[in-house]
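Quick note: the coordinates plus some simple rules give every number you see, no bench work behind them. Computed from a prediction, not measured in an experiment: that's the story for all the values here. So basically every Cβ, Gly included, is an ideal-geometry build from the backbone, and we count neighbours across all protein chains shown.
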Amino acid sequence: MTNSIIKVLIPVLTAMTIFTSAEVLAQEQPNTINLETSQVELIAGPTNNVELEGQVVNNSTGGVDDIKVNVQFYDSNGQLLLETSRFITQPSQTLQPGESVPFTILETLGHDQVDKHVVIAEADAAT
């Protein structure tokens, strides 16, 4: 009877040890970059070109720099018209958690050609 109790306890203790190790690893993770694009608006520029305005918000646990916005423009058939990217911060600028930075992207596409757009922001953890 003693042997059966030991066999049951060993797997339970092993599972608890693995869970504890996972918790420790999670606490040691570096700054997780989490950026949000907000207030994004596609408007017609002065010559009917595409003007995309918005903001990037730093929802990360630490500062970020070298923020880049990647944009894809699609027509009404879902065909990719243009893919572009722009750095929207100065090389020495660090965006702290909770801060935001505006962006404007101008392209020579006709505003009437664009049906939808996809905006993705990326950055590096500040050192």
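Amide H contacts of LEU81: PHE73, TYR74, ASP75, each under 5 Å away and 5 or more positions distant or on a separate chain (H built 1.01 Å from N in the peptide plane; Pro and chain starts excluded). Taking segment 62-78 and a reference point 7 angstrom along Cα→Cβ of ALA125, the backbone N atoms nearer than 19 Å belong to 62-68.
Using a ≥ b ≥ c from the Cα gyration tensor of segment 35-125 (square roots of the eigenvalues), is it rounded, prolate or oblate, where a/c under 1.5 gives rounded and otherwise the larger of a/b and b/c decides, a/b for prolate? Let's see the in-between values first.
On the way: a/c = 2.49, a/b = 2.16, b/c = 1.15.
It comes out prolate by the Cα gyration axes.
In which sequence would LEU82, LEU42 go, from the one with the fewest C-beta neighbours within 10 Å to the one with the most? List each step's numbers first, then the result.
Details: LEU82 15, LEU42 18.
Least crowded to most crowded, the residues run LEU82, LEU42.
For segment 56-127, averaging the sequence separation of C-alpha pairs within contact (under 8 Å, six or more residues apart) and dividing by the residue count gives a relative contact order of 48 percent.
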